[in-house]
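Below is one structure, written out as structure tokens; the observations come after it.
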Amino acid sequence: MGSVIGGHMALAGLDVTLLDVSREHVEAIRKDGLRLDDKSGESRRIPVKASWDPAEAAPVDLVLVFVKCYHTEAAVQGARSLVGPGTSILSLQNGWGNAPRIASIAGEERVLAGVTYHSATVLGPGHVLHSNKGKTVFGELDGRMTDRVARIEEAFRSSGLEVESSGQVLTEIWKKLALNCATLPTTSLLRFYAGQLVEHEGTLKLMRAILAEVVQVAAAQRIAISEEERWETITSLLARAAGAKSSMLQDVENSRRTEIDVINGAIVEAGRRLGIPTPSNDAMYWLVRSLESTFPGASPP
């Protein structure tokens, strides 16, 4: 996702540096540029700076965080050299709880949060497939519409990326969380592409049950989500992303730890705290945790 957003911003003439711990990925971009494909078959080579050393890019106006949730603290600590007096940090990560993790290190006043409905797959070093285009929604944690929100929104828009600032970013994060809870573990356990989830009665019923639990848990915390709107959005997104692999399926295929703890696990935890049964989310959580335990070097769930 960093390659997709950063690549588009670089094409628009913004000063972008892609940061990644993978030296192979960075060296490929340095040598030949970022190769960004889309599902229509178009392929572009984008000249963009890339590094594994954050100090090479310091300081910056905006840090976009796309790392996995369990790498958030380490990534932000490692990138502290990027942060100057006017630096903002925007998390567009999956799951629940990333903004507080960043704020605990960099200060809450720097942090914005949001979601993006783009999807992408790494095809090789320096080579990324932009498998589905979508909207990015973000905002201040306290809902204010500030000057920096307007500047960031303009940077996205100038890059040809659909974007919307929101005064209700918490609700937007829970709306994306509902999508992820329904789709990510389901694709991962069945090894399905995104579009296959809407081709079978069983997966449709399972996803609807997961969604209903998320909506109920959100409502108990005064976060209003329309189940019907979410269901329509989920099924239409899946149909449009027919050949895409979910991020969690990509993790499973590469025997990497998933983000299940902050996705379905977040619903399980909140349900227990609020006294709301979440049997479908419980099942997804424990099945994925059990699958992770089969990965090389993993501990039992």
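Tell me yes or no: at least one residue of the range 103-113 is touching a Gly at 6+ places or on another chain (Cβ under 6 Å), surrounded by 20 or more Cβ atoms within 10 Å (Cβ to Cβ), on the phi < 0 side of the Ramachandran plot and outside any loop (DSSP other than H, G, I, E, B). Spell out how you get there, then give the answer.
Of the range 103-113, the ones touching a Gly at 6+ places or on another chain (Cβ under 6 Å) are none.
Checked against the condition, which is being touching a Gly at 6+ places or on another chain (Cβ under 6 Å), surrounded by 20 or more Cβ atoms within 10 Å (Cβ to Cβ), on the phi < 0 side of the Ramachandran plot and outside any loop (DSSP other than H, G, I, E, B), the range 103-113 yields no hits at all.
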Cβ-Cβ under 7 Å pairs, at least 6 apart or on other chains, the range 204-226 side in the same structural domain as residue 284 (by TED's automatic domain parsing), far side surrounded by 14 or more Cβ atoms within 10 Å (Cβ to Cβ) and part of a loop (DSSP other than H, G, I, E, B): 213/278; 215/225; 216/276; 217/276; 217/278; 218/225; 220/276
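Need at least 3 residues that are among the hydroxyl-bearing types (Ser, Thr, Tyr) and under 18 Å from residue 117 (Cα atoms) per element, so show me which helices (runs of 4 or more DSSP H) inside the range 210-301 make the cut, counting only ones lying wholly within it. Explain how you work it out, then say what you get.
Working: elements: 227-240, 247-253, 264-274, 279-292.
By residue number, 227-240.
From 39, 68, grab the single residue that is at negative phi, in contact (Cβ under 8 Å) with a residue 40 or more places away in the chain and touching a helix residue (DSSP H, G or I) at 6+ places or on another chain (Cβ under 9 Å). Step through it out loud before you land on a result.
Values: 39 fails: touching a helix residue (DSSP H, G or I) at 6+ places or on another chain (Cβ under 9 Å).
On inspection, the qualifying residue turns out to be 68.
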Criterion violated by residue 247 - all others in (1) crowded, with 16+ Cβ neighbours inside 10 Å; (2) modelled with pLDDT of 95 or more satisfied: (2)
Residue 173 being modelled with pLDDT of 95 or more and crowded, with 20+ Cβ neighbours inside 10 Å: no
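Residues that are polar (S, T, N, Q), at least 1 per element: which strands (runs of 3 or more DSSP E) completely within the range 1-93 meet that?
Working: elements: 17-19, 34-38, 43-46, 49-51, 60-65, 83-91.
Qualifying strands (runs of 3 or more DSSP E): 17-19, 43-46, 49-51, 83-91.
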Flag for residue 55 being of a type in the set (A, V, I, L, M) and touching a Ser or Thr at 6+ places or on another chain (Cβ under 6 Å): yes
The range 69-86 - residue that is of a type in the set (A, V, I, L, M, F, W, C) and either farther than 13 Å from residue 105 by Cβ or exposed (fewer than 14 other Cβ atoms within 10 Å of the Cβ) (or both) and, of those, modelled with the highest pLDDT: 74
Conditions (1) over 23 Å from residue 245 (Cβ atoms); (2) in contact with a Pro (Cβ under 8 Å, 6 or more places away or on another chain); (3) crowded, with 20+ Cβ neighbours inside 10 Å; (4) not β-branched (Val, Ile, Thr): number failed by residue 25: (1)
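Is it fair to say residue 257 is under 23 Å from residue 97 (Cβ atoms) and without any contact (Cβ under 8 Å) to a residue 40 or more places away in the chain?
no
The values are calculated or read from the model by the stated rules, or taken from the named source; none is laboratory data. These figures come from a predicted structure and were not determined experimentally. Positions of Cβ are generated from backbone atoms using ideal geometry, with glycine treated the same way; all protein chains shown enter the neighbour counts.
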